1. Please give the FRET efficiency for ASP92 paired with ASP54, using the beta carbon to beta carbon distance and R0 = 22 Å, rounded to the nearest 0.05.
2. Work out, step by step, the length gained on full extension between THR84 and ALA68: first 0.36 nm times the residue separation, then minus their alpha carbon distance; give nm to one decimal.
3. Quick one: Karplus J couplings for the range 75-89, per residue in order, coefficients 6.51, -1.76, 1.60, θ = phi - 60°, nearest Hz, x for Gly and Pro?
4. Would you order VAL6, VAL59, VAL73 from fewest to most other beta-carbon atoms within 10 Å of each residue's own beta-carbon?
5. Once amide H atoms are built 1.01 Å from N in the peptide plane, which residues 5 or more positions from ALA80, or in another chain, come under 5 Å H to H?
6. With each label point set 7 Å from Cα along the Cα-Cβ vector, what nm distance links ALA13 and GLU37?
Amino acid sequence: MGWPLVMDDGEFAVFELRGIVLAVFPLSKLARDGNTEPEPRSSGIRFTIGVQVDSADEVDRLTDHMRAAGARVTKEPVDAEFFTGRSAYLCDPEDNYFEIVWADMPTNPVVIASRRAAGLRSRADSLAGA
């Protein structure tokens, strides 16, 4: 995804995401660290990590980039059904799902919060003169 890699020891990776640190562990290592057994895999989606991008074209570009890196695309980039935007779904080798999404919804609170958390101005801020 182009995130800044802080650490990669071959078993897990740590990324810095504009004030958030994301650590991705293999399920077996996470279970061992938590002193428990790994939960048996279930088929289908259990959760998703949404990654908001700045344009519809970026959804396509990032999907291609992740596919080339080994992600399995479960939903090719398409114009969204439930909002004005574009999205795609992918999963990593452990079936963790990611949604790559661009939402053209300048007044949507989720879009505004996501952009502010990333240090970006939303169009709603611009319209309000903030």
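Nothing in this text is a laboratory measurement; each read-out follows from the coordinates by a stated rule. None of these values were measured; they are calculated from a predicted model. Ideal geometry is used to build each Cβ from the backbone, glycine not excepted, and the neighbour counts take in all protein chains shown.
1. In this case the efficiency is close to 0.45.
2. 3.0 nm
3. Calculated HN-Hα couplings, in order: 9, 4, x, 9, 5, 5, 7, 9, 7, 7, x, 8, 8, 8, 10 Hz.
4. Values: VAL6 12, VAL59 25, VAL73 15.
Ranked by crowding around the Cβ, least crowded first: VAL6, VAL73, VAL59.
5. Close amide H contacts, sequence-distant or interchain: GLY85, ARG86, SER87.
6. 3.1 nm
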